[in-house]
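The values are calculated or read from the model by the stated rules, or taken from the named source; none is laboratory data. Being a predicted model, the structure only gives us computed values, none of them experimental. For neighbour counting, all protein chains shown are included, and Cβ atoms are generated from backbone atoms with ideal geometry for every residue, glycine included.
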Amino acid sequence: MAAQPANITDISSHASWQSTYQPKLSVSDSATVIESPTSKKPAVAVTTPAGLPLTQVTKASVASSPRRLTQSELYPVRHAFAPQHIAALRLLTVAIGRCEHALAHLKDGQKMKADTEIQKLQVLLPELFCCRSLGDGFGTLVAALSSGLEALNGDTPNQHQIQAFKRVLTLLWEKPFLTADEADSHLPLLESVGLSVYPADLLDFLASD
Amino acid sequence: MTRVFVETTVLADALLKPGVRAKAAKDAINAADESLLPVYAIKEFKAGPLHHYVWFHGKLVTTQSWSKTLEQLRKTAMSSFKARWVSTSVEALEAAAVKNRPVRLKQLVEKYGADATEDRTVCDRYRLALRSIIMRGWKGRRKLTTRVIHELECYPEDELREDRGLIELGETDCHPKDECALASRLRREPKQLEALQNAVEQQPSKPENQKRLQTLRELRRPSKKLSSSQCRHLGDAVFAFFCPQDATILTTNERDLRPLAEAVGKTVQTP
């Protein structure tokens, strides 16, 4: 069998790539650019040297250090930066951006544009729910967001509801490993703006006699 | 001043049935100037409806499958689910799962494996929702009314906990040292006991009424000690007996409770 023609150029050696490429946090099919909620903060190291004994990162040493904690110090090593964690952070970044754009469009009176952003948010949620191996708290809140949107039956959420979505998504971005009890304590945030946080089909079943 | 005495069915509606049923129950409770919740209602709530929810949740945890759990719902002879089998609810729930199936993308299954399948997704959504309803319901039990009254010394009211994904209810029965803590309070009003006995005798002779009648008879014999199971058999009679004279019993089980309440000069209201 003949070898494939070697027509692939190393992208790093391409002059125009080096001068123009900027990493994008938004999804490729998006018409809008969505930035990370922490994009204004300086980058921090996210890895711990493999040979470093865990006991070296003590509470005292962390407290006395003026530096910012890395994610690997904040989260258990085995769970942090698993594929689901990375996927979740990526999807959450996009989802938060969708909410921000929807709010901006609502403010401008562009309801249809706002609704389009919410549609794009809604279709992200099934994949976000696939990242629930991060914990039951994560799954609880993503499922609550899905139920909240489903119960609207296609209506555009109002400003307060979108703000609540954004707050929950930001919470998940900051604390993806939260416990189920912690997640429960945030459900009233969604309920207080008239969103149902449980699947309608299940509620119908439980309410039946 | 209006006062309501909250019975187990209304407690269960308010705490375990988010939506229309919970709203109706909470509105009825909040409409009164004072709402009273006897600990006996908490005891019945935990041993009855909450236990059934925990069972349902446990099936979702252990089967990790919505279709298998649904099959168990059909098979199981737990009384609270019995009516639901014959209703269209299970079918509606099954239809809902089927309705959502096309939404799942094949690519997600390839990327995330079994967690992305429809069966596992529905199972986990319901499992997480049930867990949340159960835990929040239990935590909220003593915050629902303006007062919790008639504490039971022999009832431990253990907190719920989780073990390996399953919810542990802890103790659901009383542990009386000598006899049920309610016994001496009940015996102080022999005329009310007699009136309740007469009312139960007039009710249909279903098993729960037979047990209630037997317990009321034995209560009137001072030599007999009231056991924890007999305390459970008293059920509706406890609410009719202990509801304050100036309060109304708030229940969804009006048919069974009204005759007992009226026999001792009390009133009944539904949400």
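Numbers below:
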| read-out | value |
| --- | --- |
| Conditions (1) crowded, with 24+ Cβ neighbours inside 10 Å; (2) within 12 Å of chain B (Cβ to nearest Cβ): number failed by residue A:169 | (2) |
| Filter result for residue B:93 (at pLDDT 60 or above, within 11 Å of another protein chain (Cβ to nearest Cβ), surrounded by 13 or more Cβ atoms within 10 Å (Cβ to Cβ) and in contact with a Pro (Cβ under 7 Å, 6 or more places away or on another chain)) | no |
| Enumerated helices (runs of 4 or more DSSP H) restricted to segment A:103-209, each holding at least 3 residues that are charged (D, E, K, R) and in contact with a helix residue (DSSP H, G or I) (Cβ under 8 Å, 6 or more places away or on another chain) | A:111-129, A:180-191 |
| Output for segment B:6-50, where each listed residue is outside any helix (DSSP H, G or I) and not aliphatic (A, V, I, L, M) | B:7, B:17, B:18, B:19, B:33, B:34, B:35, B:38 |
| Any hit, segment B:170-182, residues being crowded, with 16+ Cβ neighbours inside 10 Å, under 25 Å from the mean Cα position of the chain (by Cα), assigned to a helix (DSSP H, G or I) and of a type in the set (A, V, I, L, M) | yes |
| Some residue of segment B:47-57 being within 13 Å of chain A (Cβ to nearest Cβ), under 20 Å from residue B:2 (Cα atoms) and out of contact with any His (no Cβ under 9 Å at 6 or more places or on another chain) | no |
| Those residues of segment A:180-195 which are of a type in the set (S, T, N, Q) and either within 7 Å of chain B (Cβ to nearest Cβ) or closer than 14 Å to residue B:136 by Cα (or both), in sequence order | A:185 |
| Selection status of residue B:142, modelled with pLDDT of 85 or more, assigned by TED's automatic domain parsing to the domain that holds residue B:44 and under 22 Å from the mean Cα position of the chain (by Cα) | yes |
| Matching entry among B:28, B:24, B:32, B:12 (being farther than 21 Å from residue B:235 by Cα, touching a residue at least 24 places away in the same chain (Cβ under 8 Å) and within 12 Å of chain A (Cβ to nearest Cβ)) | B:24 |
| Residues that are over 17 Å from the mean Cα position of the chain (by Cα) and without any contact (Cβ under 8 Å) to a residue 40 or more places away in the chain, drawn from segment A:166-200 | A:185, A:188, A:189, A:191, A:192, A:193, A:194 |
| Those residues of segment A:136-166 which are under 15 Å from residue B:126 (Cα atoms) and within 11 Å of chain B (Cβ to nearest Cβ), in sequence order | A:136, A:137, A:138, A:139, A:140, A:141, A:142, A:143, A:144, A:146, A:147, A:150 |
| Count of residues meeting criterion [within 10 Å of chain A (Cβ to nearest Cβ) and part of a strand (DSSP E or B)] in segment B:119-167 | 1 |
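Conditions (1) out of contact with any helix residue (DSSP H, G or I) (no Cβ under 6 Å at 6 or more places or on another chain); (2) of a type in the set (Gly, Ala, Ser); (3) modelled with pLDDT of 95 or more, marked per residue:
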{"site": "B:5", "(1), (2), (3)": "yes, no, yes"}
{"site": "B:22", "(1), (2), (3)": "no, yes, no"}
{"site": "B:28", "(1), (2), (3)": "yes, yes, yes"}
{"site": "B:36", "(1), (2), (3)": "yes, no, yes"}
